[in-house]
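Okay, structure first, notes after.
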Amino acid sequence: MVLSYYALLTLIMTYPLIRNFTTHFLGDGGDTYTYIWHFWYFKQQVLQWQNPFFTDYIYFPIGASLFFTSYPLVNTMFAALLLMATLDIVVIGNVLFLLAFILSGYCAFLLVDYLTQNKWAALLAGTVYAFCPYHMAHLLGHFDLILVHWLPLFVLFFLKMNRPEGTVRQAVIAGSIAFLTAIDSAYYYAVFLIFFVGLFYLYQLRNRHSRREYADWRHVKKVLAMASTSLLLIAPIVAMAYQHARAGYYDKVEGWLGANDFVSDVSAFFLPSHLHPYWQPLVAWRYERFGSGVEGIVFIGWLVTLLTLIACVYLARRQPALRLWRFLFVAFVILSLGPTLHFNGKYVFVFDDLAISIPLPFFLVHFIPVLGHVRCPSRFAIMFMLCAAVLVGYTCSWLQQKLGKRVRTFGLIYALTTMTILIEYLSIPYPLCAARITTKAFQVLAQDKTPGTILEIPLVLCDGTASRGYRDAESFSTYTQITHNKKRIGGYISRGLNKPLNYIEQFPVIRNILDLEEGKAVPLEELDNDRQSLPELIRKTALKYIVVYPGHHNTAYFDYVAKVFNLRGPIFQDEEGYFIRLCSAGPRRYRKHYRP
């Protein structure tokens, strides 16, 4: 019944997906396509007994490591198995998206039911956790970030382990869940569990009695069992990732990249999501001021904030168990604020001609190995929302006890509370993106079974921190490989652009295409040199087709490509404006200085 309840709410909160289940994906078409590509690519590699953690389908011929990209491994393996059973990739993707919400609600339900021994309270807490604006916002394209069900499941077994009667078996389960979090969710969430464990013991060891209890060998043995389990399980993956890093496929992120940009603005805690059907016109401009996109959506909810405050201020004085969750809630809120305080889109404040920034604890976290890799502090929002869900559960349980036998009164209040929270969290109609590739150009490419690489115009090579070329359509370009199954010179991964970029940019033609797309000029002498180097490019990259996307035919970079390659008209053009042209290198020379 509980799973059915969350399934029903999920279908409501993701409407109109249910009406477009076999034709569209949830999301705005950003990274959604990349995650679906992962499903397809993993299946392809496994069936061919190839390494699924490396690909030359993008950045051909040098390829790229997938160890450092957003790769939800458990879900990807499950999707690959379903694809092997010839199930439809669109249906598989949508089922996994919806399951992420159903399971997150259910796992939060299990945690709060364990803490409060009240199923109604747990049901409400699961609703808060599963459908909070942070979760709904990242459904737009961050599939790894919506896999939040592992977090409450880990916390559940971690708390059980820490009881005096807790067992080593529970510690092993907690360690296994931490491992699953690391390989299936964003690596951020694995780091967040480290923060949770550290903050938990920091709070518990505040007095002498607790220090004696947790220093006991029986408890130390459980902690060691949990840590060793997770480390032993993750060790082979870390070893393989280290090999890829040594080969140059990992780019170390220097400085503060994103750490002071993708933060929780104080005003955003009380600002509804820009996906809300009623509030969107009023709040959209505020989120534009923040400049952090979906990373800035950390709305707690007005009613949830009230219920959380009741638990923190009133109930915590009577129920000592709540004080831990109050501490954790405040700690994660502070961590989500980032290294400096942001308010209304600003982090530099002027007082009598004195410009200052207010440093926060995350400033110190930045310098701690592993923990300092968190470049989006606002993602701590999922942790304080988990704490808020627990506190809401305690408040609901207290209210039911206070009302006693007035069942109808409690039922009415409970129903109104649930409805109000869902209305505050509303994101319908939820954005959808087309899942079916009906473009005839890609179907024509698919009919050619001989090897050959595609050069797409516009061309882009990018990762999550840097890009070269015209980035807007890259995720969809990757997704088209599911149809045409051709390798590409362009590509997108989360991390590790430098090595493939350095290799591919050694070809003058590619380098100049990227420069023209970025608004730079290509002088005359470059054109003559490029024509001389063209045979080497075609030979080393096995270049066979040039695909020109709609809207890019009357551009400087297309003009450059047409003349350098001496293109002799399209071999195919569909009604959407896609061109496919065969590559050829002619002897003509040009006397023109190309500018965008």
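The values are calculated or read from the model by the stated rules, or taken from the named source; none is laboratory data. This structure is a prediction, so every number in the text was calculated from the model and none was measured. For neighbour counting, all protein chains shown are included, and Cβ atoms are generated from backbone atoms with ideal geometry for every residue, glycine included.
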Exercise for the section: State yes or no: is Leu422 buried (at least 16 other Cβ atoms within 10 Å of the Cβ), in contact with a His (Cβ under 7 Å, 6 or more places away or on another chain) and in contact (Cβ under 8 Å) with a residue 60 or more places away in the chain? Expected result: no
Practice task
Please go through segment 318-363 and pick out each residue that is touching a strand residue (DSSP E or B) at 6+ places or on another chain (Cβ under 8 Å), surrounded by fewer than 19 Cβ atoms within 10 Å (Cβ to Cβ) and more than 26 Å from Trp285 (Cα to Cα).
Solution key: Pro359, Phe363
Exercise for the section: Starting from residues that are at pLDDT below 95 and touching a Gly at 6+ places or on another chain (Cβ under 7 Å), keep the ones in segment 119-155 and report whichever is farthest from Ala79 (Cα to Cα). Expected result: Leu140
Completion exercise
Of all helices (runs of 4 or more DSSP H) fully inside segment 159-250, the set with 1 or more residues that are within 19 Å of Ile368 (Cβ to Cβ) and aromatic (Phe, Trp, Tyr) is 187-204
Handout entry: Hey, Ile18 among the β-branched types (Val, Ile, Thr), in a helix (DSSP H, G or I), at pLDDT 90 or above and closer than 23 Å to Leu82 by Cα or not
Key = yes
Exercise for the section: Please note which helices (runs of 4 or more DSSP H) are completely contained in segment 70-154 and include at least 2 residues that are without any contact (Cβ under 8 Å) to a residue 24 or more places away in the chain. Expected result: 73-84, 89-116
Exercise for the section: Go through the residues of segment 391-409 one by one and say whether even a single one is in a helix (DSSP H, G or I), modelled with pLDDT of 95 or more, under 25 Å from the mean Cα position of the chain (by Cα) and within 21 Å of Phe192 (Cα to Cα). Expected result: no
Exercise for the section: Restrict the check to segment 248-262 and report whether at least one residue is within 26 Å of the chain's Cα centre (by Cα), over 24 Å from Arg495 (Cα atoms), surrounded by 14 or more Cβ atoms within 10 Å (Cβ to Cβ) and not β-branched (Val, Ile, Thr). Expected result: no
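Table: residues versus (1) within 21 Å of Pro152 (Cβ to Cβ); (2) touching a Ser or Thr at 6+ places or on another chain (Cβ under 9 Å).
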residue: Cys312; (1), (2): yes, no
residue: Leu324; (1), (2): yes, no
residue: Leu341; (1), (2): no, yes
residue: Asp353; (1), (2): no, no
residue: Val365; (1), (2): no, no
residue: Gly372; (1), (2): no, no
residue: Leu386; (1), (2): yes, no
Exercise for the section: Output the qualifying pairs, or none if there are none: Cβ atoms under 7 angstrom, residues six or more apart or on different chains, first residue in segment 491-516 and closer than 20 Å to Ile546 by Cβ, second residue in a helix (DSSP H, G or I) and among the small types (Gly, Ala, Ser). Expected result: Tyr492/Ser475; Phe507/Ser533; Pro508/Ser533; Val509/Ser533; Leu516/Ala556
Exercise for the section: Could you list, in sequence order, all residues of segment 251-282 that are more than 24 Å from Ser467 (Cβ to Cβ), hydrophobic (A, V, I, L, M, F, W, C) and at pLDDT 85 or above? Expected result: Val266, Ala268, Phe269, Phe270, Leu271, Leu275, Trp279
Exercise for the section: Consider Val330 carefully, then state whether it is within 18 Å of Gly198 (Cα to Cα) and modelled with pLDDT of 95 or more. Expected result: yes
Exercise for the section: Could you tell me whether segment 25-46 includes any residue that is closer than 18 Å to Ile183 by Cα, part of a loop (DSSP other than H, G, I, E, B) and not charged (D, E, K, R)? Expected result: no
Completion exercise
Conditions (1) surrounded by fewer than 17 Cβ atoms within 10 Å (Cβ to Cβ); (2) among the aliphatic types (A, V, I, L, M); (3) in contact (Cβ under 8 Å) with a residue 12 or more places away in the chain -> Ile18 fails only (3)
Exercise for the section: For Ala125, state whether it is farther than 28 Å from Leu275 by Cα and buried (at least 24 other Cβ atoms within 10 Å of the Cβ). Expected result: no
Completion exercise
Among (1) under 22 Å from His342 (Cβ atoms); (2) out of contact with any Asp or Glu (no Cβ under 9 Å at 6 or more places or on another chain); (3) not in a loop (DSSP other than H, G, I, E, B), Glu295 falls short only on (2)
Handout entry: Members of segment 482-509 found to be touching a strand residue (DSSP E or B) at 6+ places or on another chain (Cβ under 7 Å) and of a type outside the set (Ser, Thr, Tyr), listed by number
Key = Lys486, Lys487, Arg488, Ile489, Gly490, Gly491, Ile493, Gly496, Leu497, Pro500, Leu501, Ile504
